[in-house]
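The values are calculated or read from the model by the stated rules, or taken from the named source; none is laboratory data. None of these values were measured; they are calculated from a predicted model. Cβ placement follows ideal geometry from the backbone for every residue including glycine, while neighbour counts extend to all protein chains displayed. Protein only, heavy atoms only, side chains kept; ligands, DNA and RNA dropped before computing areas. Shrake-Rupley method; radii C 1.70, N 1.55, O 1.52, S 1.80 Å.
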Amino acid sequence: MADLKKKAEEKLANSTNQENGQTRTSQPKDSFECPKCEDRGLIFTSNDSARICECQEQRKIKRLFKSSEITEEFRRLGFGNFIVDGKPEPVVNAFKSAVKYFKSFPDIRKDRKNSIALLGNPGAGKTHLLIAVANNLLNNGISVHYFPYREGFDEIKDNLDALEEKAQRMKDVDVLLIDDLFKRGATDFEVKTMYSIVNYRYLNHKPIMVSSEFLVDDLLEVDEALGSRIVEMTKDYLVEIVGDRRQLNHRLAN
């Protein structure tokens, strides 16, 4: 324990600021990011015992949010600010399914049916609900990668050299959120790339979250191999939102 404390103190000393070419080895308490542990990551309760500081978990969560590619605006989306009152039944069902999925996630994350899909009318809150799930998962230390389908592929096509790295990241992350799948159609390149990623996750029981204006039959029509994997993975948490667009689309509702 003494050696551990010494290493922590050496780490702190080595991370001192450089000001005017001089090393400053002592810092006032309020200059630390975490005054509890003075940025050591450990809190020593005595010479022979210590505990990990709470700041370490918060730093991990901060890193996860940064790498998720979820924007600052989207980070404010949650279940609490999703309006359910007065909404049509399909929207309420989507809300209930999203909440249930998050609560069930620890128990189902390794199962075959460990994913969720919200499909159908635009403006019904599909993205809001899946981002709410993602934000809650991130706050529980689970990595999420947000991939807006159209913008994501436009970015990939502008830099094809980054495709392999991008695809591998989408395969490896704990949860992959694919937003607006097949928005404005799908090219053969996009379908093949998406199939490679989803099939990898399918084979390795890694969860996906999918929003799309396409319904199940539409997904199967685009590519049955890809669509059927998505349907199987999301079967227990799959909601199709269909009905009067003036009621379902919050942008059109009074």
Subject >> Restricting region 170-193 to residues that are within 17 Å of residue 143 (Cα to Cα) and charged (D, E, K, R), the residue that is most open to solvent (accessible area, probe 1.4 Å) >> reply: 172
**OP:** Count, please, the residues in region 227-254 that happen to be at pLDDT 95 or above and part of a helix (DSSP H, G or I).
**Re:** 11
Subject >> Single residue of 130, 176, 163 found to be under 19 Å from residue 70 (Cα atoms), in a helix (DSSP H, G or I) and touching a residue at least 12 places away in the same chain (Cβ under 8 Å) >> reply: 130
Original post:
Has region 58-77 got any residue that is within 18 Å of the chain's Cα centre (by Cα), within 14 Å of residue 129 (Cα to Cα) and modelled with pLDDT of 85 or more?
Top reply: yes
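Quick check on my filter: what residues within region 194-217 are open to solvent by 20 Å² or more (accessible area, probe 1.4 Å) and either within 18 Å of residue 148 (Cα to Cα) or in contact with a strand residue (DSSP E or B) (Cβ under 8 Å, 6 or more places away or on another chain) (or both)?
Of all residues in region 194-217, those open to solvent by 20 Å² or more (accessible area, probe 1.4 Å) come to 195-196, 199-200, 202-206, 213-217.
Result: 195, 196, 206, 213, 214, 215, 216.
In the list 224, 164, which residue meets the criterion of being among the charged types (D, E, K, R), at pLDDT below 95 and open to solvent by 40 Å² or more (accessible area, probe 1.4 Å)? Before the answer, list the steps.
Working: 224 fails: at pLDDT below 95.
Testing whether each residue is among the charged types (D, E, K, R), at pLDDT below 95 and open to solvent by 40 Å² or more (accessible area, probe 1.4 Å) leaves just 164.
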